[in-house]
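Below is one structure, written out as structure tokens; comments come after it.
The values are calculated or read from the model by the stated rules, or taken from the named source; none is laboratory data. Given the structure is predicted, the values throughout are model-derived calculations rather than measurements. Here the Cβ positions follow ideal geometry from the backbone for every residue, glycine too, while neighbour counts run over all protein chains shown. Ligands, DNA and RNA are stripped out before the accessible areas are found, and what is left, the full protein with its side chains, is counted by its heavy atoms. Shrake-Rupley method; radii C 1.70, N 1.55, O 1.52, S 1.80 Å.
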Amino acid sequence: STPEQMPLKADLLKDLPPLTTKPLSSEDDLKEALHLITDSLAQQRQVASKSIIVSPAFLSTWVGIMAWLFHLNYRSPSDLGIIATTGSGITMALLLVVKYMCEGYVRHAESVASEGLLWFANQKKSEEDDVLVLGTKYGDELIGTLVLRLPPAPAKGDEEEEEAPKVEIVAWTVKLKFRHKGIGRGLLEQAIKTASEHYKRSFKFGFAREHVHSKRVLIGAFNGMFTRREKLAAKMLKEVALEASREGAPDRE
């Protein structure tokens, strides 16, 4: 780039909205966070549909039906048009069946949305738990959120006797167009930092066993994509926790 172009690039960078991650407290921010969560739940239907369509069971069934259709109807090249039309209809019917099989994710999203802001309070395991909602904003636009369940800290004097509190992530998502840009990792980093400031002692940290994205609608054979996603999330959390421990934060498991 030429010297004349440099001020222009600097001006463009200066005009970019700031990226901030902090706890959310206003009703509007919490509503938007819940909207992000329910959107991500509904989007799982596409992932589930893809899992079925690329599975050997679906592909072998589709190929078998097409071969059977060709065998029954082909007598001359003039039959290819009817075979293609019938095959398209059968394919559409199979895709509609797949869509129906995955509708449970949309119903799950609607169920969460129907609770409204009470959904956040309902994530408590006990009355003593706190629920903290973190959000990442790009300017004024909320683009990511993470929901933490914080159990009560042991009273002073009991810290050695009691088991370290288990901080759990019950929801974690980023708006679709901002994914794979480090936003989710930043939320994990802020979550660990927030928990460190909250307890000022050792604590356990991980995803809740029944986090909001853990629901499975399909049988195990079709859940491979979700399993891989969870393994990647667990790996990222482990990396973030290790980095935090090197910086002097409390030990985590």
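Once the range 96-108 is narrowed to residues that are assigned to a helix (DSSP H, G or I) and touching a residue at least 12 places away in the same chain (Cβ under 8 Å), the residue that is surrounded by the most Cβ atoms within 10 Å (Cβ to Cβ) is Tyr105. The residues of the range 17-47 that are more than 19 Å from Arg216 (Cβ to Cβ), assigned to a helix (DSSP H, G or I) and of a type in the set (Lys, Arg) amount to a single one, Lys31.
So for the range 68-82 (the condition being modelled with pLDDT under 90, among the acidic types (Asp, Glu) and assigned to a helix (DSSP H, G or I)), does at least one residue qualify? Yes; the residues of the range 68-82 include at least one that is modelled with pLDDT under 90, among the acidic types (Asp, Glu) and assigned to a helix (DSSP H, G or I).
Taken as a whole, the structure leaves Ser60 outside the set of residues that are touching a Gly at 6+ places or on another chain (Cβ under 7 Å) and either loosely packed, with under 15 Cβ neighbours inside 10 Å or in a helix (DSSP H, G or I) (or both).
In the set (1) more than 22 Å from the chain's Cα centre (by Cα); (2) under 28 Å from Pro165 (Cβ atoms); (3) free of Cβ contacts under 8 Å to residues at least 24 places away in the same chain, Ser126 fails one condition alone, (3).
A single member of Thr21, Thr2, Thr38 is open to solvent by less than 70 Å² (accessible area, probe 1.4 Å), of a type in the set (Ser, Thr, Tyr) and modelled with pLDDT under 90, and it is Thr2.
Only one entry of Glu239, Glu230 meets the criterion of being at pLDDT below 95, closer than 21 Å to Leu36 by Cβ, of a type in the set (Asp, Glu) and open to solvent by 60 Å² or more (accessible area, probe 1.4 Å), and that entry is Glu230. Of all residues in the range 199-245, those being of a type in the set (D, E, K, R) and farther than 19 Å from Leu41 by Cβ number 8. Summed over the range 63-86, residues that are under 29 Å from Asn223 (Cβ atoms) and surrounded by 13 or more Cβ atoms within 10 Å (Cβ to Cβ) total 2. On inspection, Lys175 passes the criterion of being out of contact with any Lys or Arg (no Cβ under 9 Å at 6 or more places or on another chain) and within 17 Å of Thr21 (Cα to Cα).
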